Amino acid sequence: VSNLLLTEQGILKIADFGLARLYGDPPTEMTPRVVTLWYRSPELLFGSKYQSPAIDMWACGCIMGELLLHKPLMPGKDEIDQIRLIIGLLGTPTEKIWPGMSKLPILEKMQLMKQPYNNIKALFSDRIPECLKLLNSLFVYDPKRRSTAEQCLDNEYFRLSPLPCDPSMMPSLSGLTRKRKRGKESS
């Protein structure tokens, strides 16, 4: 709950400033042990010291999956279990889909289990194709190919009915607080 921010206009924002820092171009080395395990991207789990906003987009996919399932999508017990859960969901990564992955520190020492299939469609079988397309765009092994926030916002999934109401239609928090106070005073 502490990472959920609600604006005066009722707009919910997800934030985590615990390890907030500047990043730039060219990227500089950072510690890979960031992000709560269940939301940690494959590049971090495999020891990459270079981070980009793509790690946050992976976490958004995990959060979206959790909201759709009403339970954590990949609740790993430790880093090895987390890798196993990711491969179980997405299949085994290869150099073809993630060029350079074999040079990541952990993968130089680790043999990955073989899982040939992406299971997102099976796990979310009751969801519309646009939802599956959005999830698949967030769960891309190669962080350079993972969807950006801008690309996700342009996804067809967010243009389907029911559409969210216009933010101007949302009650303000101060208005709700005044209404609640009036209710307590009259009782």
remark   = Within region 74-89, residues in a helix (DSSP H, G or I), touching a residue at least 24 places away in the same chain (Cβ under 8 Å) and not small (Gly, Ala, Ser) come out as 79, 82, 83, 84, 86, 87, 89
request  = State all residues of region 34-56 that are buried (at least 20 other Cβ atoms within 10 Å of the Cβ), at pLDDT below 90 and either over 19 Å from residue 103 (Cβ atoms) or in contact with a His (Cβ under 6 Å, 6 or more places away or on another chain) (or both); if no residue qualifies, say none.
outcome  = 35
message = Checking the conditions here, which among 114, 71 is at pLDDT below 95, assigned to a loop (DSSP other than H, G, I, E, B) and among the basic types (Lys, Arg)?
response = 114
ask   = Name the pairs whose Cβ atoms lie under 6 Å apart, with the first residue in region 112-125 and within 9 Å of residue 92 (Cα to Cα), the second assigned to a loop (DSSP other than H, G, I, E, B) and not acidic (Asp, Glu), and 6 or more positions between them or separate chains?
value = 112/92; 114/92; 115/91; 115/92; 116/91; 117/91; 118/91
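So that you can scan it fast, the table gives a plain yes or no per residue for (1) of a type in the set (Gly, Ala, Ser); (2) surrounded by 15 or more Cβ atoms within 10 Å (Cβ to Cβ); (3) within 23 Å of the chain's Cα centre (by Cα):
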{"position": "109", "(1), (2), (3)": "no, no, no"}
{"position": "124", "(1), (2), (3)": "no, yes, yes"}
{"position": "127", "(1), (2), (3)": "no, yes, yes"}
{"position": "130", "(1), (2), (3)": "no, no, yes"}
{"position": "148", "(1), (2), (3)": "no, no, yes"}
{"position": "162", "(1), (2), (3)": "no, no, yes"}
{"position": "174", "(1), (2), (3)": "yes, no, no"}
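The values are calculated or read from the model by the stated rules, or taken from the named source; none is laboratory data. Worth saying up front: this structure is predicted, and the values here are computed from it rather than measured. Please note: Cβ atoms are built from the backbone with ideal geometry, for glycine as well, and neighbour counts cover all protein chains shown.
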